[in-house]
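Novice: The following block contains the structure, expressed as structure tokens.
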């Protein structure tokens, strides 16, 4: 078998096997369908072996999630426990974390990156990983690298209002569902509602998250936002009672918008960084996925990229 065919077989089979939960006997039966010559059957067997080894290396929780087909996940105590645990681990292993520190500029000079802070302090490093929003990074690089800064400016963000309401009783809703989104054609101000306690029951109560804004955001105050969200719950779900607990926040420029041409912009940034050997790696929600899962995955890839340099 030629080398390129060998690689092609590996790629095709590994991609296929990762998406299937078939038994090994099913893999063999697929021989005729994918036109794999019998003399090359060992390639399929090798792929099966590699897949099994990959599965063995996965943590038990990851294997359980895959087996049970989890669509959503959370953590006891909220997702902030993830970042809190990471901070504890880093600090226990010698890392220093600076809080409430405003950066005024970043200079990329040769193989060094110099970070200047509002306090007058400067840090020089051989590699810099930026996970802040693209629109926040853009002005910091404007002086030292206007080309990258200009592309970063084109990755826009939108503001979202969030209202979390907690009600007494777990049978407040007429249905058991994840929630709903509101099409822009509908005469309703909110983006959608998440039925939190349908996915993650929390005793005898109902918790709802109402989302407002996005690209349709109109400036408002937290008090006005609360009334808008309550009206929407009344109109769509018939909920008119006052919540026992509530939290209303306006999150400015919190969600990046992947508009037409986004992949091209991200590729252009990566190409400039690679071609000019700039000592910076950009990651986070602005580039290759906005979800927590995407950010975790891209964080791992950024670390691997850094180690490979």
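Rule-based calculations on the coordinates, nothing more; no lab input. Only a predicted model underlies this, so the values are computations on that prediction, with no experimental measurement involved. FYI the Cβ positions are ideal-geometry reconstructions off the backbone, even for glycines, and counts take in every protein chain you see.
Novice: In what sequence, highest mean first, do 201-209, 71-79 appear when ranked by Cβ atoms within 10 angstrom?
Specialist: So the order, starting with the most tightly packed, is 201-209, 71-79.
Novice: How would you rank 185, 130, 286, 291, going from fewest to most other Cβ atoms within 10 Å of each one's own Cβ?
Specialist: The fewest-first ordering by Cβ neighbours comes to 185, 291, 130, 286.
Novice: Another question about this same structure. I'd like to compare 145-151, 295-301: which one has the highest average count of other Cβ atoms within 10 Å, and what's the full order after that?
Specialist: Result, highest mean Cβ count within 10 Å first: 145-151, 295-301.
Novice: Can you give the direction-averaged projected area of the convex hull of the alpha-carbon atoms in segment 243-309, in nm²?
Specialist: Average projection, Cα convex hull of segment 243-309: 6.8 nm².
Novice: For 99, 212, 258, which order do you get if you count the other beta carbons within 10 Å of each Cβ and list the fewest first?
Specialist: Arranged by neighbour count, lowest to highest, 99, 212, 258 become 99, 258, 212.
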